[in-house]
Amino acid sequence: MTLPPSFPPGPRGLVEVATTFRRFMNEPEAEFRAAHARWGDTLGFRLGRDRIVVLGDPGLIGEVLVNTDGTWVKDRVTRDLSVFLGMGLLTNEGASWRRQRKLLSPSLTRRHIALYADAMVGCARRYADRLADGDERDVHADMSAVTLEIVTETLFGAAFGHDPTRVGHAIDSVMVDFQELVQTWRRFLPATVPFAARRRMVESSKEIDAVVMEVIHRRRRTGERGDDLLSRLLEARDDEGSGMSDQQLRDEAVTLFVAGHETTANALSFALMFLGDHPEVDARLRDEVARVLGDRPATADDVAALRLTDAVARETMRLYPPAHLIGREATRDVALGPYRLPRGTAVLISPWALQRDPRHWPDPLAFRPDRWLDGSAERAPKNAYLPFGGGPRVCIGNHFAQMELVLVLATIARRARFERVSAAPVRVQAAITLRPAGGLRMRVARRGEPSAPQQE
Ligand code: HEM
């Protein structure tokens, strides 16, 4: 299978392709940018039977992401996630995806998610109140625990009836195994090959299913409803008045859990890292929080006024987008800019490389939240900032996540600040999500007394 002449330039020959691909997997941001410098904004190559095109031009990226006629579907790696996400929103396609997106959207609008602010603030306060002055902590593990608590409470309600950490561990374990499968050459072997990782994935999926199905069955049986997302999904009806099956509910719930947990934890961890590295920004953020909140806990209504806190979250995700790679696959031969791509071509977009491109972002490696306050970020071209993706498949949890980042950062900032234990640059691991490699050690400097319980 040769490449057509209209295919983008890029590495050719087994050795060059294998080396490039391995580098992409190990050091995606640096290697994507190096590859663009060598071959241009659009480059392509063949890997085994796959044709892969890497896009760095915001215009062409927009064309792929906003497409609505079914030319572009999720790439194979994302589709493979259906092994345990089933047909949840992330992995679904076509008419079924459209129906589900319509069913879920009302529960995640800006107005509706205000209901979840209290849960977010409560979880962050309980965490911040436990911090002791001088403690050395793995902030990434802490943020994973906080966002796990938040996602469990907002999705399933406070009366979950199961140990959230057990479900969290089962989900983390599936993701680790999945990562092992997709990042190695094993992804080219058929799904029936029984590797240990595949076996473990099936086992963990069963554990997750047992818990989630129990909650769904209980809710159906008792009719018990609350302000949680699952209650909304149980009540959601399409245009014909039909609701979701138990299996579809399970798939959506597990998808929301997976999509919303680690991504947010990573963004919070990197934000705390940056605040530790930039005491002047940290001090301004604290002033803002004190000015806006005084002595009371944050609410959804405060988010708009916490402008610097919001800018810190945005700037953090510019430099370290938790979803650092977005993929699509062409369902038919397609023209893209000057290229013609055959059906089956996979397209990769690296928000991480794009958001550090000096053509779009002056002083791209500097952590400068003010670019989001002084209007300069608005000068970046459309689709040069994609932490939540874009087009019709943009992250459905984007407002939820942005609000969670602001409320958790503000709540923690009132109680404590974190200082880096080591001045060495934090190493990052580009797994399915982008996260600090081996955790993030920081020391707590406490401020004030734990909050009074009645203020919760
Ligand atoms: C900082 C946190 C988050 C980041 C960086 C993030 C990022 C993304 C990105 C980039 C996509 C698009 C993927 C693609 O186009 O292939 C996406 C999709 C999605 N996200 Fe998020 N996300 C975050 C938080 C959340 C939260 C909190 C939820 C749920 C409450 C969520 C649920 C989803 C779902 C269901 C999809 C699939 C949407 C669809 O295809 O219709 N995400 N997310």
Q: Could you list which residues have their amide H under 5 Å from that of V334, counting only those 5 or more apart in sequence or on another chain, with H placed in the peptide plane?
A: L341, R343
Q | Label-reachable residues, the range 404-445, where backbone N falls under 17 Å from a point 7 Å from N26's Cα toward its Cβ | A | 427-431, 437
**Q.** Label-to-label distance, nm, for residues given as E419 and D246 (7 Å Cα→Cβ offset)
**A.** 5.5 nm
Q.
Give me a comma-separated list of calculated 3J(HN,Hα) values for the range 384-395, in order, Karplus coefficients 6.51, -1.76, 1.60 applied at θ = phi - 60°, integers in Hz, x for any Gly or Pro.
A. 9, 9, 10, x, 10, x, x, x, x, 9, 4, 3
**Q.** Globularity ratio of the range 1-153, using Cα Rg and 2.2 N^0.38 Å
**A.** 1.46
Q. Taking Cα centroids, how far is the range 89-138 from the range 49-83 in Å?
A. 26 Å
Q: Determine, from the Cβ-Cβ distance of E136 and E280 and an R0 of 30 Å, the FRET efficiency 1/(1 + (r/R0)^6), rounded to the nearest 0.05.
A: 0.80
Q. Does the range 1-64 classify as rounded, prolate or oblate by the C-alpha gyration tensor (a ≥ b ≥ c root eigenvalues; a/c under 1.5 gives rounded; else a/b over b/c gives prolate, otherwise oblate)?
A. oblate
Q. Using just the C-alpha positions of the chain as equal point scatterers, what log10 of I(q)/I(0) does the Debye formula give at each q in 0.07, 0.13 1/Å?
A. -0.36, -1.29
Q. How much length is gained if the chain between A290 and D370 is pulled fully straight, taking 0.36 nm per residue apart and subtracting their Cα-Cα distance, in nm to one decimal?
A. 26.9 nm
Q: For every helix of n ≥ 4 consecutive DSSP H residues, a contribution of -39,500 (n - 2.57) applies; sum these over the chain, divide by its total residues, and give [θ] at 222 nm rounded to the nearest 500 deg cm²/dmol.
A: -16000 deg cm²/dmol
**Q.** Over the range 350-405, relative contact order from alpha-carbon pairs under 8 Å, at least 6 apart, %
**A.** 32 percent
Q: Enumerate the helices in the chain for which the Kyte-Doolittle hydropathy averages 0.0 or more and the C-alpha atoms extend at least 24 Å along the helix's axis, using complete DSSP H runs.
A: 139-156, 164-183, 246-277, 398-415
Q.
Once you keep just the Cα pairs under 8 angstrom separated by 6 or more residues, what percentage relative contact order results for the chain?
A. 27 percent
(Q) Can you compute the equivalent ellipsoid semi-axes for the range 195-347, i.e. the square root of 5 times each eigenvalue of the Cα gyration tensor, sorted largest first and rounded to whole Å? (A) 35, 29, 18
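Bear in mind these aren't lab numbers, they're just calculated from the coordinates by the rules spelled out. Bear in mind the structure is a predicted one, so any value in this text is a computation, not a measurement. Positions of Cβ are generated from backbone atoms using ideal geometry, with glycine treated the same way; all protein chains shown enter the neighbour counts.
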